[in-house]
Amino acid sequence: MTKLFVDNLTVIDFSYLHPERGLLGESWLLDVMLGGTLDSQGMVLDFSEVKRQVKQLVDEEFDHKLLIPLRYDGADVDRDDAYCAVHYRCRTGRNIYHRGPASASSVLDTDEITPESVAAAIERRLQPGLPKNVFQIKIKLHAEQCDGCFYHVSHGLKHHAGNCQRIAHGHRSRIDIFEDGSRAPKAEAAWAARWRDIYIGTQADLLEERQRNGEAYYRFGYCSGQGEFELELPKACCYLIESDSTAENLAQHIAERLKSEKPLARFEVRAYEGVGKGAIAT
């Protein structure tokens, strides 16, 4: 058997429901390995075809979505061809509610969303489309190696023309802060802690604040090009800003907050959105 591999073929940016941490934004790099016999070209499969098939499936079924574990005992899922709604009860006692177009969620037949369970789902969905000479496929998902600070963030951009308009998608994002030209690790750590497992919501999208079992909850909602979205989660897991939560606005928000604390210093903020992309504000 001959094996073909492509490392870091693509990145999946998404959010998922975690039994302890709640709504969690994530970015995973994807590696693929195919095993089989050689075709008439002397290949297991052409590299360009591997990239096309894998990326197309990942973009359509997993990227910029909310991943829901169907077999988790605290997940109540109600879905049809048009819409999908989920009530999710964390083991901490907190609750999350999400409703949106069916295309904004991916319901997986697992009790927990992990790199292994998502990789297995991708393998199952890719297998039927592979040529007969390919009889083995292995997907590996993993986080970016990072020696600095990062945070898990979920958000939605109602004005976005593409899939970023989905109210609960997310990223695992690095943050680099420079103060007067030098790296500021304490400031980076402070913002990473502040935004750990956070949902960043736009003030205008906040519909209601209410109490549930003695805890304050925020309910967000809006209508965008793909349909109507609604999200409710604990206030303690949210951070409100006045603008849309684009990478550009988040970088500017952090820079302005830092400047207000140290008016005489000069700051540069590099706010990543997932892997290898982001915005810079000074």
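No value in this document is a laboratory result; all are computed from the given coordinates. Given the structure is predicted, the values throughout are model-derived calculations rather than measurements. No Cβ is skipped: glycine too gets one built from the backbone with ideal geometry, and neighbour counts run over all protein chains shown.
Specify the residue that is surrounded by the fewest Cβ atoms within 10 Å (Cβ to Cβ); the eligible residues are those in the stretch 1-32 that are closer than 15 Å to L108 by Cβ and out of contact with any helix residue (DSSP H, G or I) (no Cβ under 8 Å at 6 or more places or on another chain).
Start the filter on the stretch 1-32 by keeping residues that are closer than 15 Å to L108 by Cβ, which leaves 12, 14-19, 24, 26, 28.
Now drop any that are not out of contact with any helix residue (DSSP H, G or I) (no Cβ under 8 Å at 6 or more places or on another chain), which leaves 14-19, 24, 26.
Values: F14: 27, S15: 28, Y16: 24, L17: 24, H18: 21, P19: 18, L24: 22, E26: 24.
Going through the qualifying residues, I end up with P19.
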Candidates C146, C164, filtered to the one that is surrounded by 18 or more Cβ atoms within 10 Å (Cβ to Cβ), in contact (Cβ under 8 Å) with a residue 12 or more places away in the chain and either in contact with a Leu (Cβ under 9 Å, 6 or more places away or on another chain) or closer than 25 Å to I254 by Cα (or both): C164
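Table: residues versus (1) surrounded by fewer than 20 Cβ atoms within 10 Å (Cβ to Cβ); (2) of a type in the set (V, I, T); (3) over 30 Å from A161 (Cβ atoms).
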{"residue": "I175", "(1), (2), (3)": "no, yes, no"}
{"residue": "A189", "(1), (2), (3)": "yes, no, yes"}
{"residue": "A193", "(1), (2), (3)": "yes, no, yes"}
{"residue": "Y199", "(1), (2), (3)": "no, no, no"}
{"residue": "Y218", "(1), (2), (3)": "no, no, no"}
{"residue": "Q226", "(1), (2), (3)": "yes, no, no"}
{"residue": "E256", "(1), (2), (3)": "yes, no, no"}
{"residue": "E273", "(1), (2), (3)": "no, no, no"}
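For the stretch 179-199, what are the residues that are touching a Leu at 6+ places or on another chain (Cβ under 7 Å) and not in a loop (DSSP other than H, G, I, E, B)? Spell out how you get there, then give the answer.
Of the stretch 179-199, the ones touching a Leu at 6+ places or on another chain (Cβ under 7 Å) are 187, 197, 199.
Scanning the stretch 179-199 gives A187, Y199.
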Matching residues, the stretch 80-109, being under 22 Å from H155 (Cα atoms) and among the charged types (D, E, K, R): R89, R94, R99
The residue that is farthest from the chain's Cα centre (by Cα), considering only those in the stretch 231-245 that are of a type in the set (D, E, K, R) and within 20 Å of R21 (Cα to Cα), is K235
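Out of all the residues in the stretch 212-220, is one or more small (G, A, S) and without any contact (Cβ under 8 Å) to a residue 24 or more places away in the chain? Let's see the steps before the verdict.
Looking only at the stretch 212-220, we keep the residues that are small (G, A, S), and these are 214, 216.
Within this subset, residues satisfying the condition of being without any contact (Cβ under 8 Å) to a residue 24 or more places away in the chain are 214, 216.
Yes, there is a match, as at least one residue in the stretch 212-220 is small (G, A, S) and without any contact (Cβ under 8 Å) to a residue 24 or more places away in the chain.
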Do any strands (runs of 3 or more DSSP E) entirely within the stretch 1-116 hold 3 or more residues that are hydrophobic (A, V, I, L, M, F, W, C) and touching a residue at least 12 places away in the same chain (Cβ under 8 Å), and if so, which? 2-18, 22-36, 66-69, 83-89
